[in-house]
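Q: One structure, pasted below without further comment.
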Amino acid sequence: MTTSERDDYSGPFDPDFRYEDLSKEALVRLVREYALIVQLLDRSVFTAIGMRYGQQAVQEIAIDEWRGASPIYGERLRRILNIEGDDVEAIFKVLQVDPGFAQHYMDVRYEVVDEHHGFFELASCGALLDVEPYGPKAVTSMCHHIEDGTFDYTAQAVNPKARIRPVHRPPRKPADRVPHCRWEVVIDDTTETLPEPDVTAIVRATTAATYEFPPMRDGTPHLPERDGSGSLHD
């Protein structure tokens, strides 16, 4: 660690504070919290929608939310982390860093069978534990209708011939069943490629989707530079 790296933000206020001033350990703590904040934002907005317009509106808007955002932020994550390819491993890499799968809050386990086939399961799902007290109707809305309306769009942003289907999912029977759910990922040339929804096209044109970060304080570019072979270099 260099002398300029901070393990926390104790001490005086720094008007020029930037994320790159933090140590790796501090950044890990911050990223964990940011991923959880995504879940909190989701809870707050859909609680407000449900209170005003009901569960059906929650379901419809949640599907549009994830269809609109996940293919775009998935592409951005692939670019900054150099996630190449379009096989099952590439899909799983994107899911591992997806803020919708906040690590630890969502205890996700992955199993690669081959480049065209794999499974993932949630040993524990914080979102499910939030929703279960509201009964099986709310659980079915989230774990059936919303997931069925969004998972394929996320996977097909990596490979248009990918699909995600449940092996089992809540409502849990028995009530303490673990893992909470298990899903199968298959890449097959016969899979129907989904057209890009209108909401995704609109989100794709927003300033958030097209924003380009400036270099870091030391001049390091936000997007990793690559040589002619496609390999990363500093």
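Q: Quick one: Leu129 ticks every box in (1) open to solvent by 50 Å² or more (accessible area, probe 1.4 Å); (2) under 21 Å from Ala69 (Cα atoms) except a single one, so which number is it?
A: Result: Leu129 fails condition (2) only.
Q: For Val88, state whether it is open to solvent by less than 70 Å² (accessible area, probe 1.4 Å) and in contact with a strand residue (DSSP E or B) (Cβ under 8 Å, 6 or more places away or on another chain). Give the derivation first.
A: Numbers: open to solvent by less than 70 Å² (accessible area, probe 1.4 Å): yes; in contact with a strand residue (DSSP E or B) (Cβ under 8 Å, 6 or more places away or on another chain): yes.
Yes; evaluated as a whole, the condition is true for this residue.
Q: Something else about it: So which pairs qualify, if the first residue must be in the stretch 135-153 and in contact (Cβ under 8 Å) with a residue 60 or more places away in the chain and closer than 19 Å to Gly68 by Cα, the second must be among the aromatic types (Phe, Trp, Tyr) and crowded, with 18+ Cβ neighbours inside 10 Å, the Cβ gap must be under 6 Å, and the two must be at least 6 apart or on different chains?
A: These pairs meet every condition: Thr150/Trp66.
Q: For the stretch 173-202, which residues satisfy the criterion of being assigned to a loop (DSSP other than H, G, I, E, B) and either of a type in the set (Phe, Trp, Tyr) or free of Cβ contacts under 8 Å to residues at least 40 places away in the same chain (or both)?
A: Hits for the stretch 173-202 are Lys173, Pro174, Ala175, Asp176, Arg177, Asp189, Thr190, Thr191, Glu192, Thr193, Pro195.
Q: Taking Phe119 as the residue in question, decide whether it is at pLDDT 95 or above, assigned to a strand (DSSP E or B) and open to solvent by less than 50 Å² (accessible area, probe 1.4 Å).
A: yes
Q: While we're looking at this one, here's another question. Taking the stretch 178-207 as the search range and keeping residues that are within 14 Å of Pro160 (Cβ to Cβ) and of a type in the set (D, E, K, R), which one is least open to solvent (accessible area, probe 1.4 Å)?
A: Only one residue fits best here, namely Asp188.
Q: For the list (1) open to solvent by 70 Å² or more (accessible area, probe 1.4 Å); (2) of a type in the set (A, V, I, L, M, F, W, C); (3) in a loop (DSSP other than H, G, I, E, B); (4) in contact with a helix residue (DSSP H, G or I) (Cβ under 7 Å, 6 or more places away or on another chain), I need the number of the one condition that Phe13 fails.
A: (4)
Q: If Asp86 passes every condition in (1) of a type in the set (Asp, Glu); (2) assigned to a helix (DSSP H, G or I); (3) under 29 Å from Tyr211 (Cα atoms) but one, which one does it miss?
A: Failing condition for Asp86: (2).
Q: Further question: Please count how many residues of the stretch 28-60 are surrounded by 15 or more Cβ atoms within 10 Å (Cβ to Cβ), of a type in the set (A, V, I, L, M, F, W, C), out of contact with any helix residue (DSSP H, G or I) (no Cβ under 6 Å at 6 or more places or on another chain) and without any contact (Cβ under 8 Å) to a residue 40 or more places away in the chain.
A: 1
Q: Okay, moving on. Does Phe151 meet the test of being open to solvent by 50 Å² or more (accessible area, probe 1.4 Å), out of contact with any Phe, Trp or Tyr (no Cβ under 6 Å at 6 or more places or on another chain) and among the hydrophobic types (A, V, I, L, M, F, W, C)?
A: Working: open to solvent by 50 Å² or more (accessible area, probe 1.4 Å): no; out of contact with any Phe, Trp or Tyr (no Cβ under 6 Å at 6 or more places or on another chain): yes; among the hydrophobic types (A, V, I, L, M, F, W, C): yes.
Spelling it out, it is not the case that Phe151 is open to solvent by 50 Å² or more (accessible area, probe 1.4 Å), out of contact with any Phe, Trp or Tyr (no Cβ under 6 Å at 6 or more places or on another chain) and among the hydrophobic types (A, V, I, L, M, F, W, C).
The values are calculated or read from the model by the stated rules, or taken from the named source; none is laboratory data. Note that this is a predicted model, so its numbers are computed, not measured. Positions of Cβ are generated from backbone atoms using ideal geometry, with glycine treated the same way; all protein chains shown enter the neighbour counts. Please note that ligands, DNA and RNA were not included when accessible areas were found on the heavy atoms of the full protein model with its side chains. Shrake-Rupley method; radii C 1.70, N 1.55, O 1.52, S 1.80 Å.
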